[in-house]
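Undergrad: Take a look at this one; I'll ask things after.
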Amino acid sequence: MRFGGGALATLLALGACGEGVADRQPMAGADPGRGREIIARLGCASCHVIPGVEWPKGRVGPSLQGFASRSLIAGLYANEPDILVEFVRNAPAYAPAAGMPPMPLTEPEARDVAAYLYTLR
């Protein structure tokens, strides 16, 4: 699913009204175990410290420890599943200054990655 500017703005606004971060439910149809494998395969830990991925321990990007408890993605967007799925696929479209490259992920793979990130409390 791709969000246009209006759809993303609507999701962001609705995200502020939704469940609290601590109340987030697991993502239906997503597999956090596969997400961890995808993260390791793509080398996300080259830039981020990621619990459950032992090597490497990148320091260029922020640590992802405690990601599930964060209220914002990249300090800009509500930490909501649909927004996170889009962000991990194409971060430059949402936060160009962050330096994170677009990831070669299908939507189901991005959902698995998001599901794993939501296990990091």
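Values in this text are rule-based calculations from the coordinates and carry no lab data. All figures in this text were calculated on a predicted structure; none of them were measured in a lab. Cβ atoms come from the backbone with ideal geometry, glycine included; neighbour counts cover every protein chain shown.
Undergrad: What list of ³J(HN,Hα) couplings, whole Hz, do you get for the range 58-64 from phi and the Karplus terms 6.51, -1.76, 1.60, once you set θ to phi - 60° and write x for glycine and proline?
TA: x, 10, 6, x, x, 4, 9
Undergrad: So for each of 87-94, 71-78, 53-60 I average, over its residues, the number of other beta carbons within 10 Å; can you give me the resulting order with the highest mean first?
TA: Numbers: 87-94: 18.0, 71-78: 15.5, 53-60: 12.4.
Output ranking for 87-94, 71-78, 53-60: 87-94, 71-78, 53-60.
Undergrad: Further question on the same structure: Which cross-chain or sequence-distant (5 or more) residues have an amide H under 5 Å from the amide H of I73, H modelled 1.01 Å from N in plane?
TA: HN-HN under 5 Å from I73: A78, N79.
Undergrad: In debye to the nearest 20, how big a dipole does the range 59-121 give about its Cα centre with +1 on each Lys and Arg Cβ and -1 on each Asp and Glu Cβ? Don't jump to the answer; show the numbers that get you there.
TA: On the way: 5 positive and 6 negative charges, 63 e Å.
So the magnitude is around 300 debye.
Undergrad: What shape does the range 21-121 have by the C-alpha gyration tensor, where a ≥ b ≥ c are the square roots of the eigenvalues, rounded means a/c under 1.5, and otherwise prolate means a/b greater than b/c and oblate the rest?
TA: rounded
Undergrad: Right, something else. Scan around S63 for amide H atoms under 5 Å from its own, H built in the peptide plane at 1.01 Å from N, and keep only partners 5 or more places away or cross-chain.
TA: V49
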